[in-house]
Amino acid sequence: MPAEGPAFSVSPAVLRANDDTIRNRFALLETRRDVARLLEVKLRFLAWVLYVRRERKNYRSFSIPKSRGGVRHISAPPKNLSILQIKLARVLQIVFDRKPSAHGFIRGQSILTNAIPHVGQRIVLNIDLADFFPTIHVGRIAATLQAEPYSIGKSAAEILAQICCMDCGRLPQGGPTSPMISNIVCRSLDTSLQRLASQTRCVYTRYADDITFSTTAPVISKKLAVVASDGTVSAGELLKKVIEKHNFEINRSKVRLSNRWQRQEVTGLTVNEFPNVSRRFIRTLRAMIHNWDRKGPAAAAEEYSRYSGRSNTSEDTFKRVVRGNLEFMRMVRGADDPVYRRLQARAHFIDAVTVPRKPMHVRELASTPLRGISVQPEPWTRIVERYRGSICLLEVQVGEDLTGGTAFYFGNHLFATAGHCIAGREEEDTKVKPYPLTLEDPFDPAIRPTAVAWKHVQHGVDFGLIRVNDRRMERLSRLPTQYRLPKIGEEVMALGFPTLLNRKEALVAIIGTVTALSTSPVTNERFIQLSVVSSVGISGGPVVDRRGLVIGIMIENVSTQETNTRPATQYAQALPISYRHHLKHDDFVSVPE
C-alpha cells in the first residue's frame, strides 16, 4: 500500500507572489525549506511527493503522431508532481537569463521570431540535436543552477533538479519544466555557437533542439558544414566539437543545407523572401475546410483521422484543429493576408450554417450594453415565432470568398437586406442564397444590377433587394412594415443570424432601446440608433417594435471616439424602413407571378 500524504490542502498550481519577490527568493535559495517557500507549498508536501510517494516513478507515457510522420513519445507527470512543476516553470520563466539566439518556449518568442533573422539569406543550414531532452539529466541541471548567473545553493539545486526529472534521472519530454530547464542548460551552448557564428559571418538561432545558421556569403564555412561529392551534407568538424563539448550530439539524418533557389525552411516556416507557411500547409488546410463544407464535420473528421494518423478524431477536435491552423496562419502571414481572410471567412461561415438544428430562442448577447432595460421575453418570443419562417440566413459567395448576413421577405418575390451585404456582387460568379428556416434547400436567386442593391451605392443608403423566382415563395409570409420613425426610449428587437454564434437553424433576437435618431449628411435621411451592439451576420435583419411591425433594417455598428467631455461608446445603427417610400418605382424589381 502506498504511503498516505500528509493531511493538509495542496496549494493550487499558481504562485501568489509577484515577479520581483520570486526573483529575490530564487537568488537566496540554499535549502529544501527555501525551495518549499519559493514554490509556496509546505515542506512536508514537497518531501512526500519526492521521497515518500516517489511520484517521479509514476510518469504516464504515450505517443502522438508528428505532423511530418513518425511519433513523439511523451511522458506526463502525475498530479501532485505536476503541481510542483507548473509552479517551478513560472519561476524559471521569470529568472531565466535569455541569450538573444534562444527562441523556444520563452515569453514573447516563437517560431516566427526564430525564423525572421534568416529571411533573405543566401544559404541556410539546419541541424537537430539527437535525444535532446533525455540527454539532460539531474547532475547537469544541478550543476548549471549552482553556476553563474544563478549561483544557488547545492541542496536547493539538487531538489529543483529532482522535481524536473524522472526517477531515471532524465528530463522528460512532456514535463511542464522541461522546456525552460533545457534553455537554462543550453545557455552556455548558445554562447559558444553564437561565437562560432560570428567567426564564420553567420546568423545563429536555436528553438529547442532545432539549430539554424544562415549567411549572405556565396558559400558556407567548412567549420559549419561540408558537402560531399555525392551531394550529402554533414556538420563541420568545429561545429561538432562545440556541440559535443556541451554533451549534445547532432542528429546526422537531419542536417540540411539550402540555397536561395531552393525552399529554405526554419522551424517549419519558409524564409526565402519573408516568413511564410508552406504551400503544403495551405493546401492541407484548404482541403480540410472543403471537406467540412461538402461532407459535413463528421465525415471531414474521419478523413482527417486517416491521413493524420490520429485515431477517432471527434468533430469538436477537428474544428479546433482547423481554428488552430487558421490562428497559426494569421500569426505568420498577418490578419490582412487575403488567403488567410478567405479561408477564415469560409470556415466561420461553414461553422455557422452546419450546426445541428436547434430550437428558436430569444436571448440577449452577453456583450450587449443595455441601459437599464426591463426585458419581457414572452411577447418577443411570440413575435419571433410568428415571423421566423420569413427571415433567412444570407450566403454570398464570390469566387472562393464567402460572406453572409440576414434577409427577410419583403413581398412580391423580393427579400430585403442591408445593401452592403450584396453591393458590388453583380459579377457572373456571384452566388447569393437565402436560406429560410421553413425550407430545406436554399433559393436560387437572380440579382438584377439595376435593383436597389446597386442604387444604394449611388445614394449612400444601405438598402438592398434580392429577387427570387421560385414557386416555394408562396409558402412565405410577408413581414408587415410600419413606415414611421420610432420614439427615443422605445423598446425594439433586432432579428438575425450571427455567424459567430449559432446560426442557420437558431434565429437570434437582440433586445434594446432606441437611444437617438441621427441624420445622414449624404442623403439627409434619418437613422435609428440602438443601445445594442450587433454581431457579425445580423446586418440586413429586421428591427421590429412591440407590435411586431418592421420599422428598420440593421446595417452597422458605430464606435465613437473618447473626448474630454464624453467617453467612447459603441452602438448599432438601423435604416428606417420608411426609406422605401423615397425610392422611385423603377428602382424596384418587378417579377411576374
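To the nearest Å, what is the center-to-center distance of segment 257-321 and segment 75-130, using C-alpha atoms only? Segment 257-321 and segment 75-130 have Cα centres spaced 24 Å from each other. Using the 1.4 Å probe convention, the accessible area of segment 203-324 works out to 57 Å² per residue with neighbouring protein chains retained. Legend: residue pairs Lys42/Lys154; Lys66/Lys295; Lys66/Lys87, Cα-Cα distance threshold 30 Å; every pair lies within threshold.
Figure legend: label point modelled 7 angstrom from the Cα of Arg98 along Cα→Cβ; residues of segment 105-133 with amide N under 18 Å from it are 105-118. Between amide H atoms placed 1.01 Å from N, distances below 5 Å from Val492 occur with Gly512, Thr513, Val514, all of them 5 or more places distant or on a separate chain.
For segment 81-191, which whole percent of the accessible surface, found with a 1.4 angstrom probe, sits on carbon and sulfur atoms?
53 percent
Protection proxy ranking for 43-53, 86-96, 145-155, using the average of other Cβ atoms within 10 Å per residue and placing the highest first: 86-96, 43-53, 145-155. Note: relative contact order over segment 120-253, using C-alpha pairs below 8 Å and six or more positions apart, is 32 percent.
With K and R counted +1 and D and E -1, the other residues having a Cβ less than 9 Å from that of Val49 yield a net charge of +2. Between segment 201-228 and segment 27-72, what's the alpha-carbon centroid distance in Å? Their Cα centres are 36 Å away from one another.
Here the extension length gained between His73 and Ser198 equals 41.4 nm, from 0.36 nm per residue of separation less the Cα-Cα distance.
The values are calculated or read from the model by the stated rules, or taken from the named source; none is laboratory data. Computed from a prediction, not measured in an experiment: that's the story for all the values here. Cβ: placed from backbone, ideal geometry, glycine included. Neighbour counts: every protein chain shown. SASA here: full protein model, heavy atoms, side chains in, ligands and nucleic acids out. Shrake-Rupley method; radii C 1.70, N 1.55, O 1.52, S 1.80 Å.
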